[in-house]
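Asks: Quick one: structure below, then a few questions.
The values are calculated or read from the model by the stated rules, or taken from the named source; none is laboratory data. From a predicted model like this one, the values you see are computed outputs, not experimental measurements. Here the Cβ is made from the backbone with ideal geometry for all residues, glycine too, and neighbour counts use every protein chain on show.
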Amino acid sequence: MCRLFTIASFFFLFGLFAQVNTVQTVYFEFDKYSLKDSQIKALISLVNSIQLSQFEAIQLYGYCDDRGSDYYNDKLSINRVATVQKILLSNGITQNKIFICDGRGRVIIDKDTVKNLEKTRDKNRRVELIFIKNTTYTTFPVNPKVGDLIVLNQITFDMGSSILSFKAKKELDKIFEILKNHKTLRFEIKGHVCCTSNKFTDAIDEETQNRNLSVNRAKNVFNYFRSKGISPYRMTYKGYGNRFPLGKGDEFDRRVEFMITKL
């Protein structure tokens, strides 16, 4: 167990200081979701060293090694994310900065082909912190990077509707061609609404009569890409309601955006 802790601590510190405040990694001991005091101090030091105003959001993704059942490791990865989230919230990070907390369970490996099995497993017991920079594009970038936010003025919706217009589909077709050339790129589709009262965070979808319009807008884009052949494993979708107006008028707030989450 001491040997495992030494390795985990080494990788934890390497993850903190070898990268440039975009993706950081916290490593865990086998079958644990708690952190040692030294790891907690290093994570707090990282938080204190970052200029949070430069980042739009933080995403947390938890993983486990390949041992054990899917059910057990799904819960363990979620608990690891919760541990990191609690430390962030206790040290000045507000909840609205943490957009995604996702436990992704086991990292499957081929034990017969991996050169250093234990070292690989050590690396897979982790939580990744992705700090999303405030980099916004109005066209899909030629060389996208993790954290890029793409806001396309051609992909907007009628009031109260989640139906994709002909103009929106033409724009999505252009993005589809780009996605074919970036086969490993993963992204989140972010749905938005305008014009709701302060009492509500989302609007009613006229097609379903449910108050989840921003979710349905993002979901319809997800389904459109899926119908074109983009793997659903490359995409996620989420509704953000009325929390992030652009300040350019209601028409531009009835929108979807794309955030690059992995290359």
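Asks: Just for region 99-128: of the residues that are assigned to a strand (DSSP E or B) and of a type in the set (D, E), which one is nearest to G239 (Cα to Cα)?
Replies: Result: D102.
Asks: Shifting gears a bit: Among the numbered criteria (1) surrounded by fewer than 17 Cβ atoms within 10 Å (Cβ to Cβ); (2) in a loop (DSSP other than H, G, I, E, B); (3) charged (D, E, K, R); (4) in contact with a strand residue (DSSP E or B) (Cβ under 8 Å, 6 or more places away or on another chain), which one does K170 miss?
Replies: Just one mismatch for K170, condition (2).
Asks: Also, quick follow-up: How many residues does region 173-199 contain that are in contact (Cβ under 8 Å) with a residue 24 or more places away in the chain and assigned to a loop (DSSP other than H, G, I, E, B)?
Replies: Summing the residues that are in contact (Cβ under 8 Å) with a residue 24 or more places away in the chain and assigned to a loop (DSSP other than H, G, I, E, B) in region 173-199 gives 8.
Asks: Going through region 181-199 one residue at a time, which ones are in contact with a helix residue (DSSP H, G or I) (Cβ under 9 Å, 6 or more places away or on another chain) and either over 24 Å from G241 (Cα atoms) or of a type in the set (A, V, I, L, M) (or both)?
Replies: Of everything in region 181-199, those that are in contact with a helix residue (DSSP H, G or I) (Cβ under 9 Å, 6 or more places away or on another chain) and either over 24 Å from G241 (Cα atoms) or of a type in the set (A, V, I, L, M) (or both) turn out to be K183, T184, L185, I189, V193.
Asks: Residue under question is Y233, and the condition is that it be under 30 Å from G68 (Cβ atoms) and of a type in the set (F, W, Y); does it hold?
Replies: Here the answer is yes, as Y233 does meet what is asked.
Asks: Please find, among G229, G247, G239, the residue that is of a type in the set (G, A, S), at pLDDT below 95, surrounded by fewer than 20 Cβ atoms within 10 Å (Cβ to Cβ) and not assigned by TED's automatic domain parsing to the domain that holds Y61.
Replies: Only one candidate qualifies: G247.
Asks: Looking only at region 125-147, which residues are surrounded by 18 or more Cβ atoms within 10 Å (Cβ to Cβ) and within 24 Å of V26 (Cβ to Cβ)?
Replies: If the condition is that a residue be surrounded by 18 or more Cβ atoms within 10 Å (Cβ to Cβ) and within 24 Å of V26 (Cβ to Cβ), then R125, R126, V127, E128, L129, I130, F131, I132, V146, G147 are the ones that fit.
Asks: OK, next. For region 145-175, which residues satisfy the criterion of being among the hydrophobic types (A, V, I, L, M, F, W, C), more than 23 Å from the chain's Cα centre (by Cα) and either over 19 Å from V215 (Cβ atoms) or assigned by TED's automatic domain parsing to the domain that holds Q59 (or both)?
Replies: F166
Yes/no per residue for (1) of a type in the set (S, T, Y); (2) under 19 Å from K262 (Cβ atoms); (3) outside any helix (DSSP H, G or I):
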| site | (1), (2), (3) |
| --- | --- |
| L60 | no, yes, yes |
| Y63 | yes, yes, yes |
| G68 | no, no, yes |
| N79 | no, no, no |
| A82 | no, no, no |
| Q85 | no, no, no |
| L88 | no, no, no |
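Asks: Which one is nearest to the chain's Cα centre (by Cα), of the residues in region 218-246 that are under 20 Å from F99 (Cβ atoms) and in a loop (DSSP other than H, G, I, E, B)?
Replies: Per the stated criteria, the residue is Y240.
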